[in-house]
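Working notes, beginning with the structure itself.
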Amino acid sequence: MNESKQPRLTHADLKQFSGDLDRYQHSLNRRVIYTPGVQFLAERGGAYWLIDAIASYFGDPKMSRAMARDDRLRSLQFWRLKVLDNQSATLTMRADSGEKPAITQEIPYTDFPLERIDIWAGFDGERWTLYLPSEH
């Protein structure tokens, strides 16, 4: 990223989202919807791939095994993307902060503009909703 340019996305941009009834349907996994804050994150941060990466785990055997080991993951999950100095990243999912990740995915390269982003996922009995912590 060119240092003289403003980032395409800032943490302050994301804090403006505080809850909304609008939802966006994930195009590939119909059991996943997401909030306007996550839509803004994907659009402004060029990160639709991040929504896809998270959504791809719902229905995956890795997710089923993680849920079998920890029942809390059946209703609420905490996803985090952490971008490293070399522009690789790690995507993790936990049942609670400070705990060992239930899922970890290494990402060899990303131009995501923030050093870290948290996305929470909640299950309503029918669908998973991805949302920003400020939208909780």
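Just so it is clear, none of the values below were taken in a lab; they were calculated from the coordinates. This structure is a prediction, so every number in the text was calculated from the model and none was measured. Counting neighbours? That spans all protein chains shown, and the Cβs are built from the backbone with ideal geometry, glycine included.
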* To do: Name the most mobile residue of Gly19, Gly98, Gly46, meaning the one with the largest mean-square fluctuation, in a Gaussian network model of the chain with Cα contacts below 10 Å.
  => Gly98
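Quick check on the chain: of the DSSP beta bridges with both residues there, what percent are antiparallel, nearest 5%? Present the calculation step by step, with values, prior to reporting the outcome.
Working: 24 of 27 bridges.
Close to 90 percent.
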* For the chain, modelled as a Gaussian network with Cα springs under 10 Å, which listed residue fluctuates most, Ala68, Ala47, Ala102? -> Ala68
* Relative pair counts by distance (%), Cα atoms of the chain, 10 Å bins -> 12, 44, 35, 8, 1
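Counting Lys +1, Arg +1, Asp -1, Glu -1, what net charge surrounds Val32 among other residues with beta carbon under 14 Å of its beta carbon?
Here the count lands on 0.
Between the DSSP loop rule and a limit of at most 12 other Cβ atoms within 10 Å, which trypsin sites (Lys or Arg not before Pro) in region 1-95 are left? Numbers along the way, then the final one.
Working: sites: Lys5, Arg8, Lys15, Arg23, Arg30, Arg31, Arg44, Lys62, Arg65, Arg69, Arg72, Arg74, Arg80, Lys82, Arg94; in loops: Lys5, Arg8, Arg23, Arg30, Arg31.
Here the trypsin sites (Lys or Arg not before Pro) that fit, given the DSSP loop and packing criteria, are Lys5, Arg30.
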* **aspartates and glutamates whose Cα lies under 16 Å from that of Lys62, excluding same-chain neighbours fewer than 8 positions away** => Asp52, Asp70, Asp71, Glu106
* Treat the count of other C-beta atoms within 10 Å as a stand-in for reagent exposure and order Met93, Met67 from fewest to most. => Met67, Met93
* Given H placed on each backbone N at 1.01 Å, which residues far from Ile103 in sequence or on other chains put an amide H within less than 5 Å of it? -> Met93
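Just to confirm a number: summing +1 for Lys and Arg and -1 for Asp and Glu over residues other than Arg127 whose beta-carbon lies under 10 angstrom from that of Arg127, what do you get? Don't jump to the answer; show the numbers that get you there.
Working: positive: Arg23, Arg30, Arg31; negative: Asp124, Glu126.
Taking every Cβ under 10 Å from that of Arg127, the sum is +1.
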